[in-house]
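Have a look at the structure below before the remarks.
The values are calculated or read from the model by the stated rules, or taken from the named source; none is laboratory data. As the structure is a computational prediction, the values presented were derived from the model and not from experiment. No Cβ is skipped: glycine too gets one built from the backbone with ideal geometry, and neighbour counts run over all protein chains shown. Ligands, DNA and RNA are stripped out before the accessible areas are found, and what is left, the full protein with its side chains, is counted by its heavy atoms. Shrake-Rupley method; radii C 1.70, N 1.55, O 1.52, S 1.80 Å.
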Amino acid sequence: MELKVTDYLLYLDGVSVAFDGFKAINSLSLTIEPGEMRAIIGPNGAGKTTMMDIITGKTRPDTGDVLFDGTVDLTQLDEAAIANLGIGRKFQKPTVFEMHTVEDNLRLALKGDRRVFSTLFWRDSTPEREKIDRILDTIRLGHLREASAANLSHGQKQWLEIGMLLAQDPKLLLVDEPVAGMTDAETEATAHLLKEIAKDHSVIVVEHDMAFVRELDCKVTVLHEGSVLAEGALDHVSADQRVIEVYLGR
Amino acid sequence: MLTNRFLAMLDARGRIFLGVILAAIVLVPILNLVVPTGSSLHVPTWLVSLMGKYLCYAILALALDLVWGYAGILSLGHGAFFALGGYAMGMYLMRQIGARGVYANPILPDFMVFLNWKELPWFWHGFDMFPFAMLMVLLAPGLLAFVFGWFAFRSRVTGVYLSIITQALTYAMLLAFFRNDMGFGGNNGLTDFKDILGYPVQSDMTRLVLFLLTLLALALCYILARAIVTSKAGKVLVAVRDAESRTRFLGFRVEHYKLFVFTLSAMMAGLAGALYVPQVGIINPSEFQPGNSIEVVIWVAVGGRGTLVGAAIGAILVNLAKTTFTTGALAPYWLFALGALFVLTTLYMPKGVIGTFAEWREKRREKAVLAANASTTPAE
Ligand SMILES: Nc1ncnc2c1ncn2[C@@H]1O[C@H](COP(=O)(O)OP(=O)(O)O)[C@@H](O)[C@H]1O
Ligand SMILES: [Mg+2]
């Protein structure tokens, strides 16, 4: 058993990454408690998506530590290994499997054995069906179960991707701009859904929409030029002079 | 229960396909053996062998469609796996010649005696035993595909780059098999076969049986491929094809899935090659020519990528056209025709013969429904 270095579920310390000399993430430090929900805001290009790329193994940081569960060094693992540890991700641009039906998208995401020979001999089962039914209810796509994911609207794809996260049932969910392109009513419903999910999962949400962030009612981290500018309650950070300058004041 | 599962796995297209194969298994022997030679219904043995050759190509096309159509791996080297399977079968057939060769050496094939070799190279041992040779028909291409895929898929080589290195693979094999000291008969390859399992290779009956076995192999390969693409693993493959990186973030080891399907497909190609060699009577390095592998891609594209049945039909149609073309005055223009065919299907029939036909039928059905609705609506 490895020694637990920290009690945080996610621990980033002094993380930096540069693309052709441009520092997209600049000695970023951030910690997430088990069970916490955290909103991350910041102007375009602040490095929010890049931060998620680092956590999920898509981008290797040049320096810094990224620890999951206090023991696992995420910088040494690839995407599949990190996903199997229990870190799920919803992308900024919704990416679902367009050739598959809504139901099959969820089925592929559903927690379970991911090895070739298990999926080869996989059989449909009632518990699995019921799980998919429940998720379809939650994301309100029950009537589109058999529809090809390519035919969904932008908002529906966002929801399907959240549904896929639910199916994956990870310990930590990374949700990148979930309400982009949604109507007000849809935005509100999404906030509800995320709060529901946050009851038994840790969640990091990146979002621009201030009304939405207010709705989430959680601790907020402001990212700017690849590092943390301010952190705390939304009212506290939005009163911060530097935050107003770089972000809210514009 | 098992039959139910089996039928659920097949779509209407698959049932028709297997039905046609079954009909051919019953009818062709009758038309060849029972119907008298003079009758217009008589199927001569040369035609049986020609069809047998096409069917081998159909299996090869099916194998390629499994990796290209479902996993997005555009292999331009499947001809190499086909040829390897062919060589394994050829080695068995060579050893069956025994002392009946020109030099009458009971162990060494003629070309080895000619090269002044004193003993059989180690890798020729065991090929006098049919079961061992059949094992090699699957293992040799399977192993090559596994090793190649292991490196390529782990380093995440995809798209055009992967296609190019598969071309390089088959070209490297071509050069290697050309060399006399490789021990595979060099330029001339392996030929002058006498018998297979004690039956003369050239006899009408053997040819008919080989044809029937090829039909059976095509049916079995189709059923296996269909079982894979309709399983959950098949859905993962399609997910990899359309959004590889997304699939990784769900926790699937993409490289394992690719390796599995690539290796299996190479073994299918090897089987096709093994059935091909006794029917055409020769295997030589030209089977490794890069152009051969590219032709397979054209068959699949013409028939319909990602449909399995389409791949088989494409292989048969294009080769029918090729035989017709290359035996007439138009022979020198065949490659141009093939190129044009590829360009035209890509532009105007991106779903191939099968896909276009399905679309046309769908449209017609819709029209019929509309017409039925219109006629039941009372006139205003
Ligand atoms: N793979 C990459 N190559 C080069 N530059 C990148 C790459 N990924 C992100 N960047 C740059 O890093 C900066 C941060 O991007 P990003 O993390 O997407 O910002 P955000 O999500 O906060 O809007 C941007 O300037 C972007 O252009
Ligand atoms: Mg972003």
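Probing with 1.4 Å while keeping every protein chain in the model, the per residue accessible area of chain B equals 47 Å².
Contact residues in the range A:119-137 (at least 10 Å² less accessible area with all protein chains than alone, 1.4 Å probe): A:T119, A:L120, A:W122, A:R123. Note down the net charge around A:A147, summing +1 for each Lys or Arg and -1 for each Asp or Glu among other residues with Cβ under 14 Å from its Cβ. After counting each charged neighbour, the total is -1.
Amide H to amide H, with H built 1.01 Å from N, B:A243 comes under 5 Å of no residue 5 or more places away or on another chain.
Per the Debye calculation on the protein assembly as shown with a single equal scatterer at every Cα and no solvent contribution, log₁₀ I(q)/I(0) for q = 0.06, 0.10, 0.12 Å⁻¹ amounts to -0.45, -0.97, -1.20. Stretching the chain fully between B:W360 and B:L213 yields a gain of 49.5 nm (0.36 nm per residue, less the alpha carbon separation). Return the single residue from B:S293, B:S39, B:S231 with maximal mean-square fluctuation; model: Gaussian network over chain B, springs between Cα atoms under 10 Å. Taking springs between Cα atoms under 10 Å, the residue moving most is B:S39. Computed on chain A, with alpha-carbon pairs under 8 angstrom and 6+ residues apart, the relative contact order is 26 percent. Peptide A:90-102 shows a mean partner chain C-beta count of 3 within 10 Å per residue C-beta. Angle of helix B:130-154 to the longest C-alpha principal axis of chain B, folded into 0 to 90 degrees and rounded to 10: 60°.
Pairs of Cα atoms nearer than 8 Å and 6+ residues apart set the relative contact order; for chain B it is 30 percent.
A simple packing score, the average count of other Cβ atoms within 10 Å per residue, orders the peptides B:100-108, B:297-305, A:56-64, B:242-250 as B:297-305, B:242-250, A:56-64, B:100-108, with the highest score first. Starting from the amide H of A:T63, placed 1.01 Å from N in the peptide plane, find each other amide H under 5 Å away whose residue is 5 or more places distant or on another chain. Residues meeting the criterion, in which the H sits 1.01 Å from N, are A:S16. Taking amide H as placed 1.01 Å from N in the peptide plane, B:I196 has its amide H under 5 Å from the amide H of B:V201, each at least 5 places away in sequence or on another chain. Relative protection proxy for B:344-351, A:69-76, B:254-261, B:205-212, from highest mean packing down: B:254-261, B:205-212, A:69-76, B:344-351 (other beta-carbon atoms within 10 angstrom).
Only the Cβ atoms of Lys and Arg (+1) and of Asp and Glu (-1) were treated as charged; on that basis the dipole of the range A:1-123 about its Cα centre amounts to roughly 420 debye. Peptide packing for A:33-39, A:159-165, A:46-52, A:234-240 was compared via the average number of neighbouring C-beta atoms within 10 Å per residue; ordered from the highest value, the list is A:159-165, A:46-52, A:33-39, A:234-240. Other protein chain C-beta atoms within 10 Å of residue C-beta, averaged over A:160-172: 1. Using a 1.4 Å probe over protein heavy atoms, the accessible area lost on pairing B with A, summed over both chains, comes to approximately 2600 Å². Say the cut-off is 18 Å between C-alpha atoms; which of A:K131/B:K258; A:K23/A:K219; A:K90/A:K111; A:K58/B:K232; A:K195/A:K219 go over it? Beyond 18 Å between Cα atoms: A:K131/B:K258; A:K23/A:K219; A:K58/B:K232.
Across peptide B:250-263, the average count of Cβ atoms from other chains found within 10 Å of a residue's Cβ is 5.
At an R0 of 60 angstrom, the distance between the Cβ atoms of B:A104 and A:D20 translates into a FRET efficiency of 0.25. With a Förster radius of 30 Å applied to the C-beta separation of B:Q202 and B:V26, the computed FRET efficiency comes to 0.75. The apolar share of the surface of the range A:91-247, taken as the fraction of accessible area on carbon and sulfur atoms (1.4 Å probe, ligands and nucleic acids excluded), comes to 51 percent. Accessible surface for the range A:91-217, divided over its residues, is 45 Å² per residue with a 1.4 Å probe.
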